[in-house]
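Notes follow once the structure below has been shown.
The values are calculated or read from the model by the stated rules, or taken from the named source; none is laboratory data. Owing to the predicted nature of the structure, the values given are computational and were not obtained by experimental measurement. A quick note on method: Cβ atoms are made from the backbone with ideal geometry, for glycine too, and the neighbour counts reach across all protein chains shown. Please note that ligands, DNA and RNA were not included when accessible areas were found on the heavy atoms of the full protein model with its side chains. Shrake-Rupley method; radii C 1.70, N 1.55, O 1.52, S 1.80 Å.
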Amino acid sequence: MSQTQTIAIVLAAGMGTRMKSDTPKVMHRLAGLPLVDHALAGLKVAGVDQAIVVMGPEMADQADRFAPHKTVVQTDRLGTGHAVRVALEASETGEADLLVVFGDTPLLTPDTIKALLACRQEGAAAAVLGFRPSEPGVYGRLITEGEQVCRIVEAADASPDELAVGLCNSGVLVADGKKLKTWVQALKNDNAKGEYYLTDVIALAQADDGACVFAEGDVDELIGINTRADLAMAEGILQNRYRAAAMAGGVTLIDPASTFLSHDTTFGTDIEIGPFTVFGPGVTVGNHVTIKGFCHFENATIGERATVGPYARLRVGAALETDAHVGNFVEIKNARIEEGAKVNHLTYIGDARVGKAANVGAGTITANYDGFNKSHTDIGAGASIGSNTVLVAPVAVGDGAITGAGSVVRKDVPDNAIAVTDAAQKNREGTADAYRAQRKAVKESKSKDS
Ligand code: UD1
Ligand code: CA
């Protein structure tokens, strides 16, 4: 039998009132990525690359972000069954099977999606994904008989006996597309919430066809996010997944629990990461890198064998080449630190290049912003920037050049030159004792007065 095509319907229109937020629920983020994008990414890996996303009216102008997927706006939010109906009325899905997933259930893995699709391929008209949370609470309950699901009852409509059932509805289901269309048309809203529940299609499927089965999934994949507390719980689960994958790939995490990764963090192998490090989006780390603790990175690249931190911040466009060293209390933005260059202490490097094997002394600042424009600083290969140098951009320091400690460099420094700008030092011999005596007298007279 040739495999039927599957089209996903992603329900993402709910108000998310329990989040108490101006942001639509499905746009809240886990590991830097909106919930709905996690759901779509899982579908893609499972081989379901066509989806219809049902959005709320407040997202109507965001259809482009879902391209190439089709989007449909559900103006009146009359429930999950209504959302599927709106999607199907606006789309031609032909003979395809329909897989419904929720935008607020982002931890679902591709393997579990595939396991559910297999139930459908084995001939059931519909298959539902169930799970057993430790606290079934507000989840719908699957009322089963053997391998069959007879119906799903929402917690708000359930009897005490039904509430005692531990097997819950994850919301994910797959069905014969043509049949699902007729079932959603037949839904009624005579229930506790006055909504068209998608869950009621199961009883309709049983009446119609008598073949509706269920698969069971892991609770860590199927929690639905309704509140900020759910969001935090899901973040924890996802972080543990990412940490385990990083370690399996050859990354030592000295304290996994305090290492926070993004959905797109990319690691080489033989990397060591100290405690309390946050990877924001867009970070790539090469082989044999050492990251000491307490660092914060986003949109940055760390090349092979580089060492970073502790207490370093790499911002957008920071690119460390092989063997670069970036030390404590250093911030780098939009700057390339070339091979073997060192920026080790208390420094800001923004909009700059630090040439190969150059050394940037403690307290160096690139003054890159004059209140109107951002300007570039270029530091040549092998240059040595003295401590507390201010490089007033745009400015270039040549290859092998040196700047004296405390210099304010406003003009380009040629290759191999030494630039010194500090005022000449005067030593007033033998005056320190007299100075101290005078300060002490002033202090004593003040304390008498008070
Ligand atoms: C739903 C299920 C429940 C299940 C739980 C799993 C129904 C009636 N109930 O309950 O059985 O245990 O999920 O997490 O299906 N949405 C729309 N349009 C609407 C209403 C909802 O697009 O009119 C979307 C929401 O954005 C969300 C998803 O559908 O992504 C689920 O809606 P939600 O209101 O969170 O349903 P639950 O009460 O959690
Ligand atoms: Ca929900």
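Conditions (1) touching a residue at least 40 places away in the same chain (Cβ under 8 Å); (2) assigned by TED's automatic domain parsing to the domain that holds Asp378; (3) within 21 Å of His376 (Cα to Cα); (4) buried (at least 22 other Cβ atoms within 10 Å of the Cβ), marked per residue:
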{"site": "Glu272", "(1), (2), (3), (4)": "no, yes, no, no"}
{"site": "Val285", "(1), (2), (3), (4)": "no, yes, no, yes"}
{"site": "Pro310", "(1), (2), (3), (4)": "no, yes, no, no"}
{"site": "Arg313", "(1), (2), (3), (4)": "no, yes, yes, no"}
{"site": "Val326", "(1), (2), (3), (4)": "no, yes, yes, yes"}
{"site": "Gly350", "(1), (2), (3), (4)": "no, yes, yes, yes"}
- [ ] Just need a number here: residues in segment 84-99 that are over 16 Å from Ala186 (Cβ atoms) and either touching a helix residue (DSSP H, G or I) at 6+ places or on another chain (Cβ under 6 Å) or within 16 Å of ligand 2 (Cβ to nearest atom) (or both).
- [x] 3
TODO: Within segment 100-119, track down each residue that is among the polar types (S, T, N, Q) and more than 13 Å from ligand 2 (Cβ to nearest atom).
DONE: Thr109, Thr112
TODO: Take Pro160 and decide whether it is within 27 Å of the chain's Cα centre (by Cα) and surrounded by fewer than 24 Cβ atoms within 10 Å (Cβ to Cβ).
DONE: no
Open item on the list: Among the residues of segment 426-434, are any in the same structural domain as Tyr369 (by TED's automatic domain parsing) and open to solvent by 50 Å² or more (accessible area, probe 1.4 Å)?
Closed with: no
- [ ] Tell me, please, whether a residue that is in contact with a Lys or Arg (Cβ under 7 Å, 6 or more places away or on another chain) and of a type in the set (Asp, Glu) can be found in segment 103-111.
- [x] yes
Task: Count of segment 133-157 residues which are of a type in the set (D, E, K, R), within 16 Å of ligand 2 (Cβ to nearest atom) and assigned to a loop (DSSP other than H, G, I, E, B) - done: 2
- [ ] Check whether at least one residue in segment 99-109 is away from ligand 1 (no atom under 13 Å from the Cβ), open to solvent by 10 Å² or more (accessible area, probe 1.4 Å) and not aliphatic (A, V, I, L, M), and report yes or no.
- [x] yes
Task: Contacts under 6 angstrom Cβ, first residue in segment 227-254 being under 15 Å from His38 (Cβ atoms), partner open to solvent by 50 Å² or more (accessible area, probe 1.4 Å) and outside any loop (DSSP other than H, G, I, E, B), 6 or more apart - done: Ile237/Asp220
Open item on the list: Taking the conditions exactly as written (open to solvent by less than 40 Å² (accessible area, probe 1.4 Å), assigned by TED's automatic domain parsing to the domain that holds Glu135, within 22 Å of Gln5 (Cα to Cα) and within 11 Å of ligand 1 (Cβ to nearest atom)), does Leu198 satisfy them or not?
Closed with: yes
TODO: Just give me the residues in segment 233-251 being away from ligand 1 (no atom under 15 Å from the Cβ) and open to solvent by 70 Å² or more (accessible area, probe 1.4 Å), in sequence order.
DONE: Asn240, Arg241, Met247, Ala248
- [ ] Return the residue satisfying two criteria in turn: it lies in segment 38-68 and is without any contact (Cβ under 8 Å) to a residue 40 or more places away in the chain and buried (at least 17 other Cβ atoms within 10 Å of the Cβ), and of such residues it is farthest from ligand 2 (Cβ to nearest atom).
- [x] Phe66
